[in-house]
Amino acid sequence: MFTEYPIKLVNNHLVIDDRQHLLIDTGSPFSFHASGTMKLCGEEIAVRTSIPETTSSYLSEKVGAQIEGILGMDMINRYPLLVDVKNKFIFLDDDAIYDRKCQGLAKGLSAANFYVGISIMVNNKKAKMIVDTGAHISYIHHTFTDGLKVESTEKDFSPYIGEFQTDTYMCKVNLLEEGFSYEQTFGNLPSVIGSAVSMLGIDGIIGIDLFKRYRLQLRNGCLFIPPQGI
C-alpha cells in the first residue's frame, strides 16, 4: 500500500516537503540523511549520513533550501516511486502495475538498478539517456545540438567539479510512445563529465523537465507511464 508525501520544486529541484527535507535524486545510487535515519512508509531505516563529495550542507547551499539528505535509487528500488509534479505529491511503495513502459536500455547500467536508463529520440536521433530527477537541467551529447541556435546560458553544479555553465538548445523529444512528444532545452555536459558518460555508452541525462510534463512511475529499474491527469 502506497504512502503519499507532499513535494515542492525548489529552483527546479524536487524536494519532499516534510520534516525530512529529502532531495529526490534518481541519479544517485545511494540515499543518505544527516541524522543517519530515514522514515519511509512507516519504517525507520538506518542510512549513511553523507555520500562521497556530498553532504546536507553542500546540497542546502547549492539547491537554495534546507536539504537534509537524498532519496536515491537504493530506496526507490525498495519502494517504487510515482511522481506527480503537477499535483505536488509522490507515492512511495506504489504497488500499481502499469503496462506502458518507456523503452529501456540493454542490460548494463539499469540491470543493476543503480540508474534508470531509457531510449528516446532527440532531434530525430536515437539517444540512450539516464533518468535523473536530481538534474535541474537536462543534458545531451554535443553531436545532438551541433548547429542549433543557443537559447540561453545556464549555471549548474556538480559535487565533483564544482559550478559550471552550459549553453542550452531547444530540442525535439519523443519517448517512443504514441502521444508523448514535446520540446525541451538541453545543455552539453562539461568535457570531463561528458567523456565519462560517453564511455558508458550513454548520450545524455534527462532531468526534472520530463517529470514536470508527465506523471511517471519508477519501478524495478524501469520507467512506466501511468494514466495522465488523474
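The values are calculated or read from the model by the stated rules, or taken from the named source; none is laboratory data. Predicted model only: the values in this text are computed from it and were never measured. Every residue, glycine as well, gets a Cβ built from its backbone with ideal geometry; the counts of neighbours run over all protein chains shown. Protein only, heavy atoms only, side chains kept; ligands, DNA and RNA dropped before computing areas. Shrake-Rupley method; radii C 1.70, N 1.55, O 1.52, S 1.80 Å.
Some points to look at:
- Whichever residue in the stretch 87-97 is surrounded by 15 or more Cβ atoms within 10 Å (Cβ to Cβ) and over 17 Å from the mean Cα position of the chain (by Cα) and, among such residues, is modelled with the lowest pLDDT: Asp94
- Search result, residues across the stretch 153-182 that are among the β-branched types (Val, Ile, Thr) and open to solvent by 40 Å² or more (accessible area, probe 1.4 Å): Thr153, Ile161
- Hits in the stretch 42-54 - residues which are open to solvent by 30 Å² or more (accessible area, probe 1.4 Å) and among the β-branched types (Val, Ile, Thr): Thr49
- Taken together, Ser57, Ser28, Ser35, Ser110 contain a single residue that is buried (at least 17 other Cβ atoms within 10 Å of the Cβ) and either touching a helix residue (DSSP H, G or I) at 6+ places or on another chain (Cβ under 7 Å) or at pLDDT 95 or above (or both), which is Ser28.
- Selection status of Lys125, touching a helix residue (DSSP H, G or I) at 6+ places or on another chain (Cβ under 7 Å), farther than 23 Å from Arg215 by Cα and open to solvent by 50 Å² or more (accessible area, probe 1.4 Å): yes
- For the stretch 160-174, the set of residues classified as in contact (Cβ under 8 Å) with a residue 12 or more places away in the chain and not basic (Lys, Arg) consists of Tyr160, Ile161, Phe164, Gln165, Thr166, Asp167, Thr168, Tyr169, Met170, Cys171, Val173, Asn174, listed by residue number.
- The stretch 211-230, subset within 20 Å of Met73 (Cβ to Cβ) and charged (D, E, K, R), residue modelled with the highest pLDDT: Arg215
- Here is the figure for the stretch 183-203: residues that are at pLDDT below 95 and in a strand (DSSP E or B) total 0.
- Qualifying residue in the stretch 146-153 (condition: of a type in the set (S, T, N, Q) and at pLDDT below 90): no
- Residue selected from the stretch 60-86 under the condition without any contact (Cβ under 8 Å) to a residue 40 or more places away in the chain and open to solvent by 60 Å² or more (accessible area, probe 1.4 Å), by the criterion farthest from Gln217 (Cα to Cα): Glu61
- Every residue from the stretch 114-159 that is of a type in the set (Gly, Ala, Ser) and touching a residue at least 60 places away in the same chain (Cβ under 8 Å): Gly117, Ala127, Gly134, Ala135, Ser138
- Subset of the stretch 27-63 [assigned to a loop (DSSP other than H, G, I, E, B) and closer than 20 Å to Phe91 by Cα]: Gly27, Ser28, Pro29, Phe30, Ser31, Cys41, Gly42
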